[in-house]
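Take a look at the structure set out below.
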Amino acid sequence: MEDFSRTAVSLTDERVRWEQPPFDLHRLLFQSASGDETGNQTKVYQQPINGQAMDELFMIPAVGRAGRASKSFGAILPFDAGLQ
């Protein structure tokens with residue numbers, strides 16, 4: 001297992017950690033059913049035309065070509081950072 005860990009770490013590309021090309025992320029839009037992010041259905045908004053519940057759109061913004069540093073974000077932490 002130790003050999004595997006060393007090999008995996010040696011293959012890590014810093015461009016992935018900093019989300020730089022070709023690993024930069026594009027903007028992601030996703031839809032959420034009515035209610036807030038905790039599933040609270042007491043905050044349902046209705047469409048004015050037909051009275052049906054409205055879905056909400058959430059956006060994860062693009063990081064861009066310059067990577068995470070351009071947004072003052074730190075590098076992505078390794079998968080085991082929370083285990084230590």
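Data for the structure
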{"quantity": "Total formal charge among the other residues, if their Cβ is under 10 angstrom from that of VAL63, Lys/Arg +1 and Asp/Glu -1", "calculated": "+2"}
{"quantity": "Cβ-Cβ FRET estimate between ASP55 and PHE23, R0 fixed at 30 Å, reported to 0.05", "calculated": "0.50"}
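Just so you know, all these numbers are worked out from the coordinates, no wet-lab data involved. In this text, all values refer to a predicted model and were calculated from it rather than measured experimentally. When we count neighbours, we look across all protein chains shown, and the Cβ atoms used for this are built from the backbone with ideal geometry, even at glycine.
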